[in-house]
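Reviewing the structure listed below.
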Amino acid sequence: MHFTSEQRLDDGVLEREFTLGELGEIPGTLWTPASAAPVPLILMAHNNGLPKREPRLVARARYSAVRGYAVATIDASGCGDRPRTTAEEQARADLRRAMRAGEPVDDIFESMVGPLVEKAVPDWWTTLDALLSLPGIGGPVGYSGWTALGIRLAVNEPRIAAAGLFAGGYVPQAQREEARRVTVPLLFLLQWDDEGNPRQRALDLFDAFGSKEKTLHANLGGHTGTPWFEAEDGNRFFDRHLK
């Protein structure tokens, strides 16, 4: 891990940009609280394709860091400013066209999001290994954000102790099947009027999770309308399971 910049923010949080990988191809951001004691870690993943500096994600990350967590996000393969293949660009163009035309998009989402998940997981494993080697970050580890990726990590990464998932975007069939194998405590956020995420599909996914402790928070509004108080509730959820 190579830190490329750092700044102390007004709320006392230390924000550091970093790169990972042999060629520095994985860019990320780490926020840590003012406390010098070892703190738990939250991996915060944006929905597929968005950059790590997406304002809503940054705001949530800083909010959690002020409350005693190390929080990290990366631009995984195909996300943010990282290069995309011709096939990935074509899938995104096909998706935009189909949504404008009101055509079915399930097959397009499957062909686009499935490969993104497969490519993103190794980058997050590399990131997690590097973060847990740093002084001041002790674990346990939580996950917050993109549902499809969160399912794959929760099933295959034993260091993740709890997950907060946003029921936005498409969840590929492979991850819907894996949901039954998720056993960590789960907080599932659903926007009731999400134009890009059919409500019944999200409810069926919540029902499929194998966790004995799982909570569904549903709020009125569209995809980006999650109320800010859910950030506070999310921190209380992680407090119960990571502290």
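The values are calculated or read from the model by the stated rules, or taken from the named source; none is laboratory data. A quick note: this is a predicted structure, and the numbers were derived from the prediction, not measured. Every residue, glycine among them, receives a Cβ derived from its backbone with ideal geometry; neighbour counts consider all protein chains shown.
Among the conditions (1) surrounded by 16 or more Cβ atoms within 10 Å (Cβ to Cβ); (2) within 30 Å of residue 232 (Cβ to Cβ), residue 98 misses just one, which is (2).
Rundown of residues vs (1) under 20 Å from residue 154 (Cβ atoms); (2) at pLDDT 95 or above; (3) hydroxyl-bearing (Ser, Thr, Tyr), yes/no style:
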site	(1), (2), (3)
183	yes, yes, yes
186	yes, yes, no
214	yes, yes, no
224	no, no, yes
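Could you count how many residues in the range 82-123 are under 27 Å from residue 153 (Cβ atoms), at pLDDT below 85 and basic (Lys, Arg)? Total meeting the criteria: 3. Checking each residue in the range 216-242 for being touching a Pro at 6+ places or on another chain (Cβ under 8 Å) and of a type in the set (Lys, Arg) picks out only 240. Within the option set 49, 28, being at pLDDT below 80 and under 24 Å from residue 148 (Cβ atoms) holds for one residue only, 49.
For the range 214-238, the tally of residues that are of a type outside the set (Lys, Arg) and surrounded by 14 or more Cβ atoms within 10 Å (Cβ to Cβ) stands at 16. Restricting attention to the range 65-77 and to residues that are surrounded by fewer than 24 Cβ atoms within 10 Å (Cβ to Cβ) and either under 15 Å from the mean Cα position of the chain (by Cα) or among the basic types (Lys, Arg) (or both), the residue that is modelled with the highest pLDDT turns out to be 67.
Test residue 113 against the stated conditions and say whether it is part of a helix (DSSP H, G or I) and touching a Lys or Arg at 6+ places or on another chain (Cβ under 6 Å). No; evaluated as a whole, the condition is false for this residue.
When the range 157-194 is filtered for residues that are surrounded by fewer than 17 Cβ atoms within 10 Å (Cβ to Cβ), over 15 Å from residue 43 (Cα atoms) and either under 16 Å from the mean Cα position of the chain (by Cα) or free of Cβ contacts under 8 Å to residues at least 24 places away in the same chain (or both), only 177 remains.
Here residue 200 fits the description: more than 20 Å from residue 75 (Cα to Cα), without any contact (Cβ under 8 Å) to a residue 24 or more places away in the chain and not hydroxyl-bearing (Ser, Thr, Tyr). Within the range 138-149, is even one residue surrounded by fewer than 16 Cβ atoms within 10 Å (Cβ to Cβ) and either in a helix (DSSP H, G or I) or of a type outside the set (A, V, I, L, M) (or both)? Checked the range 138-149: at least one residue is surrounded by fewer than 16 Cβ atoms within 10 Å (Cβ to Cβ) and either in a helix (DSSP H, G or I) or of a type outside the set (A, V, I, L, M) (or both).
Residues checked against (1) acidic (Asp, Glu); (2) free of Cβ contacts under 8 Å to residues at least 24 places away in the same chain; (3) in a loop (DSSP other than H, G, I, E, B):
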position	(1), (2), (3)
11	yes, no, yes
28	no, no, no
31	no, no, no
35	no, no, yes
42	no, no, no
63	no, no, no
73	no, no, no
